[in-house]
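For reference, the structure discussed in these notes is given below.
The values are calculated or read from the model by the stated rules, or taken from the named source; none is laboratory data. Every value quoted in this text rests on a predicted model; they were computed, and no experiment measured them. When we count neighbours, we look across all protein chains shown, and the Cβ atoms used for this are built from the backbone with ideal geometry, even at glycine. Accessible surface areas use protein heavy atoms only, side chains included; no ligands, DNA or RNA. Shrake-Rupley method; radii C 1.70, N 1.55, O 1.52, S 1.80 Å.
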Amino acid sequence: MNFLAELKRRNVIRMAGLYLVGAWLITQVASTVFPAFDLPDWALRGVILLLAIGFIPALIISWVFELTPDGLRREDDVASAEPTDSNVSNTAQRMNRMIVVVMALALGYFAFDKFVLAPSLVATTPTAAITATPVATAADTSNVKPIVRGIAVLPFDNLSPDPDNAFFAGGVYEEVLTKLSRIGELRVISRTSMERIAEDKLEVGAIGARLGVSHVLEGSVRREGDLIRVTVQLIEAATDKHIWAENYDRKLDDVFAIQSEIAIAIADQLKLSLSPELQANLNERPTQNQAAYALYLRAREESRTLLSTEGFKSNIALLEPAVAADPDFLQARVLLANAYGRINWQGDDLDGGYANKAKLAVADLVQRWPDHPQSRIAQGQLLYNLERDYAPALAHFEAASAQLPGHFELLRSISACLKRLGQNQAFLETAKHVVELDPESVLAFGELVLALLANQRLDEAVTVAERALERFPTERFARLAVMWTKLAQGDDISVVLALAPDSREAMIARFVQGNIDALLPQVGAKPPKNHGGRDTLAPLQQIELLQLAGRGAEAKAWLAANGPSAVSARALAENSLTPAFQKAVTRGHLAYWAALSGETTLAREHLKQAQAEPARDDRARFYWFLSGAERRLGNAEAAWQLIQPYVGTGELDSISHGELRAFKSYYDKVYGKSPSYQTYMAKIAEVKTPP
């Protein structure tokens, strides 16, 4: 008797069929029932593993034993005691009946799942017919959001033997996110938010509920030599069902194809339409040079953090050889041009060398790739970083966004331009969208608070700020956001000291409380380097507060060591090289310094030259410098007129009505002799308006 006939005689084949159908039925029922009892994911995986392990023992038992009316008996004993044909016939009939019963149950469950459970799920948790809607400010900071068609991609695990390959796993992950974000119908949660989510180690269902997305993607990357394995699985968040999974075992050169295939496969699973142009974009290969790509990935990982000048120089040291190895590597060239520009933005480009490199790099990009969205991004970054010319920068960013609709960093750039241009309504709508894509970012919520304040929506700003502080209790930016709203309400100034003791507002609060000694340690030992930023304004105001409090000796001693004579050489050297708007900011800064030092002639000269230059950079902050100089020169009316247009507007660095009321004793000292100031204060004293 051949082996197959023996398998049939001993009912091993019937047992295999019965076991597989029964295992499928058990798995399907468990996948439906377990979530109802909040059982963890490993419980279902354990059932599946046990069933898989039990398959071989079941076949062995079927070979060795016979199912009889007296129970299981060894097959040899049964065969010797009774006619073999009768044994086979009786046992086979019993097993056939069992198979029919299990098959009927399986078909019944399949029909129930398809025609009862599935329509119910679609009705309660839409994943394919809903598109992203604007965030609802106060509600969107809660832990459960309305579900939209979107995807949360967890950071890919680095399974490479060499832990240094973590940058490579991060690069593959980043590129998958970038490609998915090009699909306009899909909301893709940002990397920064997903890294926070990964730290919380949430179950898939909890991730979907917290982020308001329909699907979650998990993955891992293993690189060894020139071989790479990428494993991904797509999970429906509401049901924890694994709806698609794939292993990609390729040569390293095929990494770009893997990234494209993942994005296209996900679009197919979610029934998203891809135009031929979009498919071509998803299949785009950034470079043919793997060495250049590795350098670029390392640089991009570095650039994800807020870099100092030294950090940007490290970025450049990676990107310049990458571009040299592949001059057609567009993304690397854009990142390099931005690094040059950011060094100039930092105020560390005294000879203008980095600014010139940035301009040349962008000019070459525009010439070679005039219509590519990456060229648009580079032009916008140049205008933003070097020229502070936000209107044309915004135009370039928006043009790029039309081709890259879900590009998160691009959206943040648009938001920054709108904020600085004072386009408050558009700033608010964009800030909401940023929070949709980056819902676990304190910076995103802080920007939303600023946008709400700028649009006179104080109650919503308070709610968002308080929710942000609840979510990010250790983050300084969250405390600042709450402080802005509290000042806008005109609350007790002690809240300022509690929330942001190192802020500019806290300095004024200490002055109002008469705690002048607390100001002394905060006066820096060195003059600020970046003459145009917030870090320069605070020390100048500290000196002024000491003077107003009658502590002129301490102020004079500090000014003698760090006053205009110490900074003029550097500032004026920059002034001769930078664009017109920076010349204005520099002159305004020096005017304030000179006025604080009692050098009235020099202060007036700087004021005259500052006001003759066009100023686009952070206009409210620029006028703070000029106003400071005017009030120290005794021109209270002129000082108030300079900043009054930015009072109560919510614009960057403006003063809210609540702050005016909370710090009235301070503002009376600096602007009290201005008739316009007195009229304004009387107007807002009776009616508590938002900022």
Roll a 1.4 angstrom probe over the protein heavy atoms and tell me the percent of accessible area of region 430-502 that is carbon or sulfur.
51 percent
Quick check of the Kirkwood formula: for region 321-411, what is the inverse mean of 1/r over all pairs of different Cα atoms, in Å?
13.2 Å
Evaluate E = 1/(1 + (r/R0)^6) for Lys556 and Glu320, where r is the Cβ-Cβ distance and R0 equals 45 Å; express this FRET efficiency to the nearest 0.05.
0.40
Point-charge dipole on Cβ atoms (K/R +1, D/E -1) for region 326-419, about Cα centre, debye to 20:
180 debye
So, for the Cα atoms of region 272-350, Rg and Dmax in Å stand at 14.9, 51
From the C-alpha gyration tensor of region 218-328, square roots of 5λ in Å
30, 17, 16
So, for the Cα atoms of region 341-472, Rg and Dmax in Å stand at 16.5, 50
Please compute the volume of the convex hull spanned by the alpha-carbon atoms of region 151-225 and report it per residue in Å³.
85 Å³
Go through Lys179/Lys271; Lys201/Lys241; Lys241/Lys271; Lys608/Lys683 and tell me which ones have a Cα-Cα distance over 20 Å in this structure.
Lys608/Lys683
Working out 0.36 nm times the residue gap between Leu360 and Glu470, then minus their Cα-Cα distance, what length gain in nm do you get to one decimal?
35.0 nm
Output the relative contact order of region 365-458, whole-number percent, from Cα pairs under 8 angstrom with separation of 6+ residues.
19 percent
With the full set of protein chains in place, find how many percent of the accessible area of region 333-391 is carbon and sulfur; take the probe as 1.4 Å.
49 percent
With +1 on each Lys and Arg Cβ and -1 on each Asp and Glu Cβ, how big is the dipole of region 253-336 about its Cα centre, in debye rounded to the nearest 20?
260 debye
Based on the mean of other Cβ atoms within 10 Å per residue, sort peptides 476-488, 226-238, 493-505 so the most packed one is first.
476-488, 226-238, 493-505
Each label point is 7 Å from the Cα along the Cα-to-Cβ direction; what then is the distance between the points at Arg604 and Glu310, in nm?
4.6 nm
Name the long-range amide H neighbours of Trp244: under 5 Å, sequence gap of 5 or more, or other chain; modelled H, no Pro or chain starts.
Leu234
Computed E for Gln28/Leu159 - FRET, C-beta separation, R0 30 angstrom, nearest 0.05
0.45
Evaluate E = 1/(1 + (r/R0)^6) for Ala280 and Lys664, where r is the Cβ-Cβ distance and R0 equals 56 Å; express this FRET efficiency to the nearest 0.05.
0.35
Please report the carbon-and-sulfur percent of the accessible area for region 159-307; probe 1.4 Å, protein heavy atoms only, DNA, RNA and ligands left out.
48 percent
Give me the 1.4 Å probe accessible area per residue for region 286-377, excluding ligands and nucleic acids, in Å².
43 Å²
